[in-house]
Amino acid sequence: MKILIVDDETEFPDLMHKRLERRGMEVDTADNGTDAVARVEQGAYDAVVLDVKMPGMDGLETLRRIKALRPEVPVVLLTGHASLGAALTGMELGAFDYMLKPVAINELIFKLGEAVRHA
């Protein structure tokens, strides 16, 4: 499974990258929406994990652009409590699901498996 993790906080994507690769997944990271869209445009991903709150292009605009490029790619949104409304808007825009931060690795792996099977 090839996953793209998009989050402007470096600690979370670095940790998830290491943990998911140890479980046999191929993982790329992007620290902003513009980079994420470019990566999706250039390569095929089985799923994208996308933070809602990012400076510059936020998660919702990034989701719109990813879905315009590759509507078949499931996107799992990550949100804090304060941006729950944005996550629900993301669902309306085509996100597969959303998860609250901090997210446990086993829950994320389960959700990614669901997303890929559903796609």
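The numbers here are math on the coordinates, done by the rules we state, and not lab data. Since we're looking at a predicted model, the values are computed, not measured. Glycine also receives a Cβ, built like all others from the backbone with ideal geometry; neighbour counts cover every protein chain displayed.
At a glance:
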item	result
Verdict on ALA115 being in contact (Cβ under 8 Å) with a residue 60 or more places away in the chain and among the small types (Gly, Ala, Ser)	yes
Restricting the range 51-60 to residues that are under 12 Å from LYS101 (Cβ atoms) and touching a Ser or Thr at 6+ places or on another chain (Cβ under 7 Å), the residue that is surrounded by the most Cβ atoms within 10 Å (Cβ to Cβ)	VAL52
Lone unmet requirement of (1) in contact with a helix residue (DSSP H, G or I) (Cβ under 9 Å, 6 or more places away or on another chain); (2) farther than 14 Å from LYS2 by Cα for MET25	(2)
Residue check for LEU63: surrounded by 13 or more Cβ atoms within 10 Å (Cβ to Cβ), hydrophobic (A, V, I, L, M, F, W, C) and free of Cβ contacts under 8 Å to residues at least 40 places away in the same chain	yes
Evaluation of MET54 against (1) touching a residue at least 12 places away in the same chain (Cβ under 8 Å); (2) more than 15 Å from ASP8 (Cα to Cα) (one fails), failing number	(2)
All positions within the range 66-92 that are free of Cβ contacts under 8 Å to residues at least 60 places away in the same chain, buried (at least 17 other Cβ atoms within 10 Å of the Cβ) and of a type in the set (A, V, I, L, M)	ILE66, VAL73, VAL75, VAL76, LEU77, ALA86, ALA87
Failed item in (1) surrounded by fewer than 13 Cβ atoms within 10 Å (Cβ to Cβ); (2) within 12 Å of the chain's Cα centre (by Cα), with ALA47 passing the rest	(1)
Qualifying positions in the range 1-29 - under 19 Å from PRO71 (Cβ atoms), crowded, with 21+ Cβ neighbours inside 10 Å and without any contact (Cβ under 8 Å) to a residue 60 or more places away in the chain	LEU4, VAL6
Members of the range 76-105 that are in contact with a Gly (Cβ under 8 Å, 6 or more places away or on another chain) and either on the phi > 0 side of the Ramachandran plot or among the basic types (Lys, Arg) (or both)	LYS101
